[in-house]
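The values are calculated or read from the model by the stated rules, or taken from the named source; none is laboratory data. Note that the coordinates shown come from a computational prediction; the quantities given were computed from them, not determined experimentally. Cβ placement follows ideal geometry from the backbone for every residue including glycine, while neighbour counts extend to all protein chains displayed. The area values use the complete protein model at the heavy-atom level, side chains included, leaving out ligands, DNA and RNA. Shrake-Rupley method; radii C 1.70, N 1.55, O 1.52, S 1.80 Å.
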Amino acid sequence: MNAMKSTVLIVEDEKEIADLLEKYLASEGFEVHKAGCGKDAIDFVERREPDIALLDVMLPDVDGFAVCQKIRENHFFPIIMLTARVDDIDKILGLTIGADDYIGKPFNPLEVVARVKTQLRRYKRYNRPGILENEDCAEHDVNGLVVNKDRHECALYGRQVSLTPIEFSILWHLCENRGNVVSSESLFEAVWGEKYMDSNNTVMAHVGRLREKLGEPARKPRFIKTVWGVGYKIE
């Protein structure tokens, strides 16, 4: 870890689980803060933005989906959802409202720590000014859709579009491969840095959210095209 510790916010009403996660994360050098309900979590984020949050879906005052949506109004740090509800529809919902990852309960604390580290590496990689996959190109202009890597900005016809780090990373990777089809597998592995699983709906959920923010018509998208059975491309 760096000299300045990364901060983790654990939003979990079950004290035993929160304490267990705190123990493992603290042993890896993280500064840990805990909140037992949605209101306390939102209050903490407004006072001091963490580097990453572990957010339980089932909270005593409001569900984690609502908390995630509220946080995403102004903040774009990584959010990992924790829940015993592992239905695909719940997973897709969490991802489309701005979560970056999803871990079902019961979980191995070591896996949670590994996922936290992965999300932070990816976030820093795609959000550090001046660090580019292609040093010769810091900006792409796709027919009025302008994506600037240095400033981490996206503008559509001059209007700023607020993207989460994951959404920005997906868009940037597609722009870097403009005109070529990028498979869901390669897109996932490039952005998340993990092995793609056949049943993974993560890419589809995030692309859907990205299209929504760009005002893309469902049947005839202007920018992100679906190549059925293969992946996506920007022309």
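Would you call residue 8 of a type in the set (Val, Ile, Thr), within 22 Å of residue 118 (Cα to Cα) and at pLDDT 95 or above?
The answer is yes for residue 8.
Out of all the residues in region 14-53, which are within 20 Å of the chain's Cα centre (by Cα) and closer than 23 Å to residue 162 by Cβ?
Answer for region 14-53, where residues must be within 20 Å of the chain's Cα centre (by Cα) and closer than 23 Å to residue 162 by Cβ: 38, 41, 42, 44, 45, 46, 48, 49, 50, 51, 52, 53.
Being buried (at least 18 other Cβ atoms within 10 Å of the Cβ) and not in a helix (DSSP H, G or I): is that true of residue 60 here?
Criteria not met by residue 60.
With out of contact with any Phe, Trp or Tyr (no Cβ under 9 Å at 6 or more places or on another chain) and surrounded by fewer than 18 Cβ atoms within 10 Å (Cβ to Cβ) as the only criterion, which of 68, 37 stands out? It would help to see each step written out before you state the result.
On the way: 68 fails: surrounded by fewer than 18 Cβ atoms within 10 Å (Cβ to Cβ).
Unique residue meeting the criteria: 37.
Just to be sure before I move on: is residue 115 open to solvent by 20 Å² or more (accessible area, probe 1.4 Å) and at pLDDT 80 or above in the structure I sent?
When the stated conditions are applied, residue 115 passes them.
Please go through region 118-144 and pick out each residue that is part of a helix (DSSP H, G or I), at pLDDT below 85 and not hydroxyl-bearing (Ser, Thr, Tyr).
If the condition is that a residue be part of a helix (DSSP H, G or I), at pLDDT below 85 and not hydroxyl-bearing (Ser, Thr, Tyr), then 119, 121, 122, 124, 125, 127 are the ones that fit.
Pairs needed: first member in region 101-117, free of Cβ contacts under 8 Å to residues at least 12 places away in the same chain; second member anywhere, open to solvent by less than 30 Å² (accessible area, probe 1.4 Å); C-beta distance under 8 Å; at least 6 residues apart or different chains.
111/103
Table: residues versus (1) part of a loop (DSSP other than H, G, I, E, B); (2) farther than 17 Å from residue 100 by Cα; (3) open to solvent by less than 50 Å² (accessible area, probe 1.4 Å).
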{"residue": "173", "(1), (2), (3)": "no, no, yes"}
{"residue": "185", "(1), (2), (3)": "no, no, no"}
{"residue": "190", "(1), (2), (3)": "no, no, yes"}
{"residue": "206", "(1), (2), (3)": "no, no, yes"}
{"residue": "220", "(1), (2), (3)": "yes, yes, no"}
{"residue": "229", "(1), (2), (3)": "yes, yes, no"}
{"residue": "232", "(1), (2), (3)": "no, yes, yes"}
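Which of the following residues is more than 16 Å from residue 117 (Cβ to Cβ) and charged (D, E, K, R): 40, 51?
Selected residue: 40, the only one of 40, 51 that is more than 16 Å from residue 117 (Cβ to Cβ) and charged (D, E, K, R).
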